[in-house]
Amino acid sequence: MIESPTPPKKMATTLFIDRPHVVHPVDRESRDPNGEHSPAQKCWLRHTFRGEVQIQGRGRRSGCVVLHASETRTPLLNKEYFPLIGTGGLAAANQIYNRFKAAGKSLNAGDIALIDPAEYHYYQPGWTLVASGLTNKSKTRRPLSSLIPSHLSHIVDSVKSFEPKDSSIITLAGRKISYDNLVVAAGLQINWNAIQGLTKALADPNSGVSSVYSYDTADKVWSDVQALRNGTAIFTQPAGVIKCAGAPQKVMWMAWSTWEKVLKSGSNIKTEFYTGMPTMFAVPKYSQALDELRVRRGIGAGFGHNLISVDSAAKKATFKKVDGSVVEKEYTLLHAVPPMGPLDAIKGSPIADEVGWVNVDKNTLRHVEYGNVWSLGDSSSLPTSKTAAAITAQAPVLADNLFRVTDTGSFGKARYDGYTSCPVSPRASPLTVIWSLQQTISCLLDTEN
């Protein structure tokens, strides 16, 4: 049964929570022995006493949105109230604001709050273009403050815990913030340290090890691809859920195309794909097309192989097979994709399912237990691939449902059908896979070798 929130004492507001703070692989070592973040990753608060809180800070990832705060203060804990709080999802926050406005029931400026500790917003789909030499990585980020419109409040902080029965969250800075509606769009967690030796290898410019999943190392992919003239190139993908499941292969196809058609060195390079998955892709139709392409191009494969360690000095990668045995492979170039999963701040919280994702209805995006909690994107339990394309379909549904439930107490007709898509190659032999929960929509694949 869905729990109804306590009726608000003030006008309805929404809180948006973006990603809790996540340290990138090259920065992780900058913490001190007690686990504190480096100065560039810390947030600090500057309070004014005119009924508002102004927050300043620096960070690498994002946090939460909060709306129109009314505050009371204690010496150690600042209790605040916003109609709507959001963790992540600046685009969703704007869609919600515009949905109310379109209905002639505009929210006040500041009624929607975004909780986010990030200094920058990153356009992560652009990192595969960086890895392909098609753009500069500096073009994939902008100061977050420059993107937040004046009608949204911005709290530079991270969520430490969720208290949905009390309609509130606790931040890392010790603030208790109450809401009428909470939207969690916090992304997922990349577990860089799950692969022994990976962070060290990524930080070494001469290791031949790179990853498209970080702003700090996306350009290293292209440098390594251009520099390789002979040897063995290994591309990996872990078992389980990752964001943009086509990206590991997209990088491989790009590299193969560069070596074969641009540098003309393909005959001297042995390309191999090691994946923890049992097939090339989760959707059978696309998996078959990709595997046929792999065979035609002479790319070796190891299925059920999870990367567990990297020895950059010896240039050896160790994989664990499904049966528990391990196999060691020598490489000249290694593109590594670490395992991913739910954020620690969400995993084990009252709003999470047994795996750690925010437990929402797959059609309405409303929490299955707490009626004023919503989620979309990578942090949600939605049974679809975690891609930017999926979010573009989810955000309008969430915005309409949240508006209608707030305005009338019931849903309209908006439902999410599981739509997602994933471009697998940015260059020769383009493959874009598009599907929903109900059906496979299309598969665009040319016949080029």
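The values are calculated or read from the model by the stated rules, or taken from the named source; none is laboratory data. What you see is a predicted model, and the numbers here were worked out from it, not measured in a lab. Glycine gets a Cβ as well: all are built from the backbone with ideal geometry, and neighbour counts include every protein chain shown.
Observations on the structure shown:
- Close Cβ contacts (under 7 Å, 6 or more residues apart or on different chains) running from residues in segment 217-233 that are of a type in the set (K, R) to residues that are at pLDDT 95 or above and surrounded by fewer than 18 Cβ atoms within 10 Å (Cβ to Cβ) comprise R229/N268.
- Taking the criterion of being assigned to a strand (DSSP E or B) and under 19 Å from G110 (Cβ atoms), the residues of segment 177-200 that qualify are I177, S178, N181, L182, V183.
- Whichever residue in segment 279-317 is under 21 Å from A203 (Cα atoms) and free of Cβ contacts under 8 Å to residues at least 40 places away in the same chain and, among such residues, is surrounded by the fewest Cβ atoms within 10 Å (Cβ to Cβ): A314
- Residues satisfying the stated conditions in segment 374-389, i.e. of a type in the set (S, T, N, Q) and farther than 19 Å from T364 by Cβ: S385, T387
- For segment 378-393, a tally of residues being touching a helix residue (DSSP H, G or I) at 6+ places or on another chain (Cβ under 9 Å) and either charged (D, E, K, R) or at pLDDT 95 or above (or both) returns 4.
- Residue match in segment 296-315 (condition: over 27 Å from the mean Cα position of the chain (by Cα) and in a helix (DSSP H, G or I)): yes
- Residue tally, condition in contact with a helix residue (DSSP H, G or I) (Cβ under 8 Å, 6 or more places away or on another chain), buried (at least 24 other Cβ atoms within 10 Å of the Cβ) and small (G, A, S), over segment 106-131: 2
- Of all the criteria given as (1) under 13 Å from the mean Cα position of the chain (by Cα); (2) hydroxyl-bearing (S, T, Y); (3) modelled with pLDDT of 95 or more, the one not satisfied by S410 is (1).
- Matching residues in segment 261-278 - criterion: being modelled with pLDDT of 95 or more and either in a strand (DSSP E or B) or among the β-branched types (V, I, T) (or both): I269, K270, T271, E272, F273, Y274, T275
- Some residue of segment 253-267 being farther than 30 Å from W357 by Cβ, in contact with a strand residue (DSSP E or B) (Cβ under 9 Å, 6 or more places away or on another chain), crowded, with 22+ Cβ neighbours inside 10 Å and among the small types (G, A, S): yes
- Close pairs (9 angstrom Cβ cut-off, 6 or more residues apart or separate chains): more than 24 Å from Q226 (Cα to Cα) in segment 115-138, part of a strand (DSSP E or B) and among the aromatic types (F, W, Y) anywhere: I115/F16; D116/F16
- Summed over segment 221-260, the residues that are in a loop (DSSP other than H, G, I, E, B) and either among the polar types (S, T, N, Q) or at positive phi (or both) give a count of 3.
The rows are residues; the columns are (1) of a type in the set (A, V, I, L, M); (2) under 28 Å from D417 (Cβ atoms); (3) surrounded by 21 or more Cβ atoms within 10 Å (Cβ to Cβ); (4) out of contact with any helix residue (DSSP H, G or I) (no Cβ under 9 Å at 6 or more places or on another chain).
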residue	(1), (2), (3), (4)
Y274	no, no, yes, yes
A336	yes, no, yes, no
A345	yes, no, yes, yes
D361	no, yes, no, yes
